[in-house]
1. Filtering region 34-69 down to residues that are touching a helix residue (DSSP H, G or I) at 6+ places or on another chain (Cβ under 8 Å) and among the charged types (D, E, K, R), which residue is most open to solvent (accessible area, probe 1.4 Å)?
2. Restricting to region 34-63, name every residue that is among the β-branched types (Val, Ile, Thr) and within 20 Å of Val227 (Cα to Cα).
3. Of Ile145, Ile111, Ile125, which residue is in contact (Cβ under 8 Å) with a residue 40 or more places away in the chain, open to solvent by 40 Å² or more (accessible area, probe 1.4 Å) and either assigned to a loop (DSSP other than H, G, I, E, B) or in contact with a helix residue (DSSP H, G or I) (Cβ under 8 Å, 6 or more places away or on another chain) (or both)?
4. Out of everything in region 148-173 that is out of contact with any Gly (no Cβ under 6 Å at 6 or more places or on another chain) and not in a helix (DSSP H, G or I), what residue ends up being least open to solvent (accessible area, probe 1.4 Å)?
5. Can you run down the residue pairs with Cβ atoms below 6 Å, 6 or more apart or on separate chains, where the first is in region 308-333 and within 18 Å of Met395 (Cα to Cα) and the partner is modelled with pLDDT of 85 or more and not in a helix (DSSP H, G or I)?
6. Kindly list the number of the only condition in (1) part of a helix (DSSP H, G or I); (2) over 30 Å from Ile299 (Cβ atoms) that fails for Thr47.
7. Mind counting the residues in region 277-322 that are among the β-branched types (Val, Ile, Thr) and more than 19 Å from the chain's Cα centre (by Cα)?
8. Failed condition for Ala241, given (1) of a type in the set (Gly, Ala, Ser); (2) within 15 Å of the chain's Cα centre (by Cα); (3) open to solvent by 10 Å² or more (accessible area, probe 1.4 Å), with all others met?
Amino acid sequence: MTDVALPAAEADVVLGDLGVLLLECGTSVTDVRGSLEQVSQRTVPGTSLEFAILPEMVMVSRPGSASATTTVMGKGEARTFRQSARASRLVHELESGSTSLAEAPARMASIRATPRRHPGLQNLIGCGLLSLSLAWLFRCPWWAIVLALLVGLLVGGLTMLMMRVRAAAAVAPFVSAFVSTLLVGAVAGWLDLGPVPLFAVCAPIAILVPGALITNALLELTSTDIVTGASRLMYGLIMLAFMAAGVYSGAALTGLRIDSASAALVGEAVRLTTERGGWESLPPLWGAWIAVIVLAIGIGLAFGSGFRLTVVCVVVMTGTYAVLALFSPLVGSVVATGAAAAVLFVAARVLERVTLAIPATVSFQPAFLLLVPGTVGLVALASFDAQALVSAPMMFLSLCIGTKVGALLADLARITRSTVFLRWTRPARMGEL
C-alpha cells in the first residue's frame with residue numbers, strides 16, 4: 001500500500017501519538033524509540049526525524065527545520081494485554097507498509113476504545129486465582145493455599161477501591177501488604193500453625209510487586225536511557241520498600257514468623273517435603289502443572305487478555321516452568337533464570353514472526369512471574385536476610401543478561417524486526433487493568 005502523504009506537522013503528531021500509545025501499553029522507552037524510527041523510515045521517507053521519549057511524553061523534531069518540536073503528552077493510562085497486542089500489530093503494519101500513516105489515528109482510537117466486559121469482576125477473580133496458584137505452585141500447605149485464595153480476593157478488592165483515589169493509590173502497596181500479612185498472621189496465630197510459608201504472605205500481593213518494572217529499568221539503564229531507567233528503578237525500589245514495611249508491620253502486630261525452609265523460587269519448590277498430613281500436607285509435585293495453568297488464566301483475567309491470548313499465556317507459562325524445572329537442578333536458580341529468559345525471548349520472536357496476532361510484547365510478559373518473582377526483592381527487604389539481599393539483585397541481573405542475549409540471538413537469526421518486546425515498565429494500576 002502506498003502511504004498517503006500527510007503534512008509534516010500532522011505526521012509528527014501521529015507518530016508522537018503512536019509512541020504515547022506504546023508507552024500506555026507498557027513498552028520501554030528504548031523500544032518505543034526504535035519502533036518510531038522504523039515506522040518513520042517507512043512512512044516519512046527522505047525525512048530525518050529525532051525522537052525523545054519520556055515515560056508519559058513523546059517529542060518529535062526535524063533536525064535543520066525551523067518548525068518547533070512536536071510534543072504529545074499521555075495520560076498515564078495502562079492498557080490491557082489485548083490492546084497491547086493490537087498496538088503491536090499496528091506497528092508491524094506501519095513498518096511493512098500495509099497500513100498508511102493517515103489510517104493510524106483511527107486505528108489508535110479504536111485500540112483505546114477496545115471494550116472489556118466486567119473489568120472489575122475479572123480483576124477480582126484474576127487476583128484470587130493468581131494468589132491461589134502461586135501458593136500452590138510454590139507448594140505451600142493446603143491450608144495456606146485456601147487462605148491465599150480468600151486473602152487474595154479481599155486484597156484485590158481493597159486495592160481496586162484504593163486505586164480510584166489518587167491519594168489512596170500512593171499508599172496502596174503498603175496497605176495491601178499490611179492487610180495481607182495481618183490476616184495471614186491472625187489466622188496462623190489463632191490456629192497455632194507456627195512459622196508460615198513465604199508465599200502464604202506474598203501470593204496475595206504478588207500482582208503489585210514491581211519485579212518487571214525493576215527489570216525493565218535495568219534494561220533501559222543498559223541501553224543508555226539513564227534518566228528514565230534511573231527514575232523507574234527508584235520508583236520500583238520505593239514500592240518494594242512500602243510493601244516490605246507493610247509486611248514487617250503486619251508481622252510485628254501478629255507475631256508472624258516466616259518459615260525459612262519454604263520456597264522463594266520455582267527451583268526450590270521441588271525439593272520441599274513434609275511428613276505432616278491433612279491440611280498441613282504439601283500438594284503433589286505433579287500438581288504444579290495445574291497450578292501453572294491456573295496462574296496463566298489468572299493473568300489473562302487480571303490483565304484483560306481475552307480467550308486467545310489467555311491460551312498463549314498458558315503455553316508460555318507451562319514452557320517457562322518446564323525450562324526452569326529442567327535447568328534449576330543443573331545450574332542453580334540464578335543461571336537458570338537467565339537461560340530461561342534467553343530461550344523464551346527467542347521463542348517469543350519466532351511466535352511473533354509466525355503470526356502477528358501473537359506479538360512478543362504479550363507472549364513474553366507472563367514469564368516474569370515465574371522467571372523472577374518480584375517477591376525475591378520483597379523478601380530480602382522484609383526479612384533482612386543476608387543471603388536474600390545478595391540473591392535478589394543477582395536474579396534481576398541474570399534476567400537482564402538473558403533477555404539481552406536472547407535479543408542478540410534473535411537479531412542474528414533475522415527473527416526480530418527490532419520492535420517492542422516488553423510491557424510492565426510500570427506496575428499496572430488495578431483499576432485500569
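The values are calculated or read from the model by the stated rules, or taken from the named source; none is laboratory data. It should be emphasised that the depicted structure is a prediction, and the values quoted were computed from it without experimental measurement. Methodologically, a virtual Cβ is constructed for each residue, glycine included, from the backbone with ideal geometry; neighbour enumeration extends over all protein chains shown. Only protein heavy atoms, including side chains, enter the accessible area calculation; ligands, DNA and RNA are left aside. Shrake-Rupley method; radii C 1.70, N 1.55, O 1.52, S 1.80 Å.
1. Only one residue tops the list, namely Arg42.
2. Taking region 34-63 as the starting set, the residues that turn out to be among the β-branched types (Val, Ile, Thr) are 39, 43-44, 47, 53, 58, 60.
Matches in region 34-63: Ile53, Val58, Val60.
3. Values: Ile145 fails: open to solvent by 40 Å² or more (accessible area, probe 1.4 Å); Ile111 fails: open to solvent by 40 Å² or more (accessible area, probe 1.4 Å).
None of the other options fit; the residue is Ile125.
4. The first filter runs over region 148-173 and keeps only residues out of contact with any Gly (no Cβ under 6 Å at 6 or more places or on another chain), leaving 148, 150-151, 154-159, 161-162, 165-173.
Subset that is not in a helix (DSSP H, G or I): 165, 171.
Working: Val165: 79, Val171: 63 Å².
Out of the qualifying residues, it is Val171.
5. So the pair list comes out empty.
6. (1)
7. First, the residues of region 277-322 that are among the β-branched types (Val, Ile, Thr): 290, 292-294, 297, 299, 310-312, 314-316, 318, 320.
Then drop every residue that is not more than 19 Å from the chain's Cα centre (by Cα), which leaves 290.
Count: 1.
8. Here Ala241 clears every test but (2).
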